[in-house]
Amino acid sequence: MNEPSLLDRMPDVYDRMCPSRAVLEHVTSRWGVLVLVALSERGYRFSELRRRVAGVSEKMLAQTLQTLERDGFVLREAHPVIPPRVDYSLTPLGEEVARPVSELAHWVESRMCAVAEAREAYDAR
């Protein structure tokens, strides 16, 4: 008797074998969050996106974009011009996931003073 594949079962992020865990990791990783938030603003060329997401290496940005493209969140559009031009934007699925991720990132920005105070209070104990 054949067991159902992972995609035939109901996704359960708490199940260590569920593929949703990998997707969750992709969209909540440091670079995944920042790329999704940046692309929710507008489309970018690779070099523009690298400048926007300060601190990301070229290799890490390329890997993150490739992973998010594989998951169906990012659209990579290569233009047949010289010099080569590649644009990145969000797919409809990417726009959908970018909304809550962006809200979380902006919430963290807006509450950093409260977090800093909590850290200071914790460290003082």
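The values are calculated or read from the model by the stated rules, or taken from the named source; none is laboratory data. Quantities reported herein were computed from a predicted structural model and do not represent experimental measurements. Backbone-built Cβ (ideal geometry, glycine too); neighbour counts: all protein chains shown. Heads up: the accessible areas ignore ligands, DNA and RNA and are worked out on the full protein's heavy atoms, side chains in. Shrake-Rupley method; radii C 1.70, N 1.55, O 1.52, S 1.80 Å.
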**Request:** Mind telling me which of the residues Arg30, Arg52, Arg42 ends up being touching a Phe, Trp or Tyr at 6+ places or on another chain (Cβ under 7 Å) and open to solvent by 50 Å² or more (accessible area, probe 1.4 Å)?
**Result:** Arg52
**Prompt:** Do you know which of the residues in the stretch 86-125 that are outside any helix (DSSP H, G or I) and over 13 Å from Phe73 (Cβ atoms) is nearest to the chain's Cα centre (by Cα)?
**Reply:** Asp87
**Message:** Between a residue in the stretch 31-48 that is in contact (Cβ under 8 Å) with a residue 40 or more places away in the chain and any residue that is of a type in the set (A, V, I, L, M) and assigned to a helix (DSSP H, G or I), which pairs come within a Cβ distance under 6 Å, given they are 6 or more apart or on different chains?
**Reply:** Val33/Val101; Val33/Ala105; Leu36/Ala98; Leu36/Val101; Val37/Ala105; Ser40/Ala98
**Request:** Tell me which residues, restricted to the stretch 64-96, are open to solvent by 70 Å² or more (accessible area, probe 1.4 Å), without any contact (Cβ under 8 Å) to a residue 24 or more places away in the chain and not hydrophobic (A, V, I, L, M, F, W, C).
**Result:** Gln66, Glu69, Arg70, Arg76, Glu77, Pro80, Pro83, Pro84, Pro92, Glu96
**Complete:** Restricting attention to the stretch 14-69, the residues that are assigned to a loop (DSSP other than H, G, I, E, B) and out of contact with any Asp or Glu (no Cβ under 8 Å at 6 or more places or on another chain) number exactly 12
**Asked** Can you find even one residue in the stretch 11-24 that is acidic (Asp, Glu) and modelled with pLDDT of 95 or more?
**Response** no
